[in-house]
Amino acid sequence: MPKKGKKAKTPLSQEEHNSALNLNKINTQWRTVLREVKTKELHKDIEILSQTFERVVDCKDSVIKSLAKDLSEAEEQYAHALRSHLHNIDKLLALQRCRLNLLEENYNVELEALTKEFEIERKTIIDQHEKEIHYLQDVFMAMEQNYIDSEYESKLEFQSMWDDLKNKNIEEKHFLRLQLENVVEDLWKRFQDALKNYTDATEDRKIAFETLKVKDEKSSKDIEVQMKKIQKLQDSIIILKSKIMMHSRESEEQNQYIRDDKELVLVQLRKLKAQRSQAREIAQENLVKLTLESNATLKALRKIVDKGEKILKLAEICRKFETEEEKVLPFYSSALTAEEQEEIEKVSAEELTEELAKDITNYKGMENFWKRYNKVKLEQLSLQHRHAQLLEINGKLREMLKKYLDGISVSDEVLNQLNPLFIVNHRSNLPQPLSTSTTQPGDKKCPTTYNIIEAAHVISHIL
């Protein structure tokens, strides 16, 4: 029994071995067939890609030639435009330099005229002030000299009168003293004689007494007369003193009047000095203001010139990037009709205020500039939009190329991702669509998919 089982197993194992061998042969033949089909498809794809590449290269060559030709023509046009532009710029610069020179000359002439006028007026004011000072000094000296002379003369007169009166009084006193002394001596002698005679006889004495009494009365009268004369002289002295006091008061009043005049003259002199200093300060301030304003105007003109040069340089740089159409027609015409433009002008005239309208009228010359600026801005936005579209297309093409390369190559990254050519155990890693029992008559039929199994994969799992 066991021998029969062994004999029965041998042909079965032989058959299995033969079937496995035949299957390996079939798989190797399938592998060669699939490789040949794949190589043919790849050769066709390479030929198509080479043809498309050559066609694209030819198109690019033609485009490059046309662009080179356009570039040469554009360079010639640019050189011609640049020469004309530089010539115009040289003319404008020469004109601006001439204008600046004329303005500078006018400014220098006006400045010299103002300085000359200021110097002349200053000299005249100083000369007039010096003349007035000399005149006032002369008047003051003359008045002071007159006052000194009059005071000296009045003093001399008073001193002479005082000396005369004093001398007269002394002489009269001396004369009266001499007379009185003589009289007293005589009287004394007579008194002695009378005493002698009285002693001799009383009668004689009485007679003498009577005579002496009469003489005494006469002398008393003379004394009274002399006293009256002295009183008169004293009264005249008092009158002269009062006159002297009056003269001194008058002289004091005159001196006070002269002093007041002097004070008024000094006040006027101070006022004139203050006015002169104020006028000098005002002239100095005006000169400083004029210099500051002139410096500010020169700085503003320099800024304007620098700004113009910067604008011209930017215009030269932008000129390189202009197209032929922009060179021929730098300012585009408005796409609005005449009626639409009139309506827009009416609306803008109603909405604008006076200040804004004045500002807009001042900047009407910038309309062409704003046209070109708006045109360049629109082109920039369109280029940015086109750039975004091209970036999006480029991303899609890269994604398609990556999918294609992932489909024809085998790597760890490709194996981890979805791949329609990767099939394990008769299963793909692509998500299967849900089967629907009912189909609409208008629905499109899905294209049939053919799963291709790599021979190497089948053999690796079979053997």
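The values are calculated or read from the model by the stated rules, or taken from the named source; none is laboratory data. Just so it is clear, the structure is predicted and the values come from calculations on it, not from any experiment. All Cβ positions, even for glycine, are placed from backbone atoms using ideal geometry, and neighbour counts span all protein chains on display. Please note that ligands, DNA and RNA were not included when accessible areas were found on the heavy atoms of the full protein model with its side chains. Shrake-Rupley method; radii C 1.70, N 1.55, O 1.52, S 1.80 Å.
Of all residues in region 112-144, those satisfying the criterion of being surrounded by fewer than 11 Cβ atoms within 10 Å (Cβ to Cβ), among the aliphatic types (A, V, I, L, M) and within 44 Å of the chain's Cα centre (by Cα) are Ala113, Ile120. Is there a residue being hydrophobic (A, V, I, L, M, F, W, C), surrounded by 11 or more Cβ atoms within 10 Å (Cβ to Cβ), over 24 Å from Lys320 (Cα atoms) and touching an Asp or Glu at 6+ places or on another chain (Cβ under 9 Å) anywhere in region 67-74? So far as region 67-74 goes, no, none of its residues is hydrophobic (A, V, I, L, M, F, W, C), surrounded by 11 or more Cβ atoms within 10 Å (Cβ to Cβ), over 24 Å from Lys320 (Cα atoms) and touching an Asp or Glu at 6+ places or on another chain (Cβ under 9 Å). Within region 145-161, the set of residues being open to solvent by 80 Å² or more (accessible area, probe 1.4 Å) and touching a residue at least 40 places away in the same chain (Cβ under 8 Å) comprises Met161 only.
Given the condition part of a helix (DSSP H, G or I), out of contact with any helix residue (DSSP H, G or I) (no Cβ under 7 Å at 6 or more places or on another chain) and under 30 Å from Glu322 (Cβ atoms), answer yes or no: does some residue in region 97-104 qualify? So far as region 97-104 goes, yes, one or more of its residues are part of a helix (DSSP H, G or I), out of contact with any helix residue (DSSP H, G or I) (no Cβ under 7 Å at 6 or more places or on another chain) and under 30 Å from Glu322 (Cβ atoms). Of note, Thr32 satisfies the criterion of being assigned to a helix (DSSP H, G or I) and within 30 Å of Leu401 (Cα to Cα). Specify the residue that is nearest to Val225 (Cα to Cα); the eligible residues are those in region 163-179 that are hydrophobic (A, V, I, L, M, F, W, C) and in contact (Cβ under 8 Å) with a residue 24 or more places away in the chain. The residue in question is Leu176. The single condition among (1) open to solvent by 60 Å² or more (accessible area, probe 1.4 Å); (2) closer than 16 Å to Gln128 by Cβ that Ala279 does not satisfy is (1).
If you check Tyr107 against the conditions, is it in contact (Cβ under 8 Å) with a residue 40 or more places away in the chain, hydroxyl-bearing (Ser, Thr, Tyr) and in contact with a Lys or Arg (Cβ under 7 Å, 6 or more places away or on another chain)? I'd like the intermediate steps shown before the answer.
Details: in contact (Cβ under 8 Å) with a residue 40 or more places away in the chain: yes; hydroxyl-bearing (Ser, Thr, Tyr): yes; in contact with a Lys or Arg (Cβ under 7 Å, 6 or more places away or on another chain): no.
For Tyr107, the condition - in contact (Cβ under 8 Å) with a residue 40 or more places away in the chain, hydroxyl-bearing (Ser, Thr, Tyr) and in contact with a Lys or Arg (Cβ under 7 Å, 6 or more places away or on another chain) - is not met.
Whether a residue is within 37 Å of the chain's Cα centre (by Cα), surrounded by 13 or more Cβ atoms within 10 Å (Cβ to Cβ) and farther than 30 Å from Glu253 by Cα was assessed, and Leu100 passes this test.
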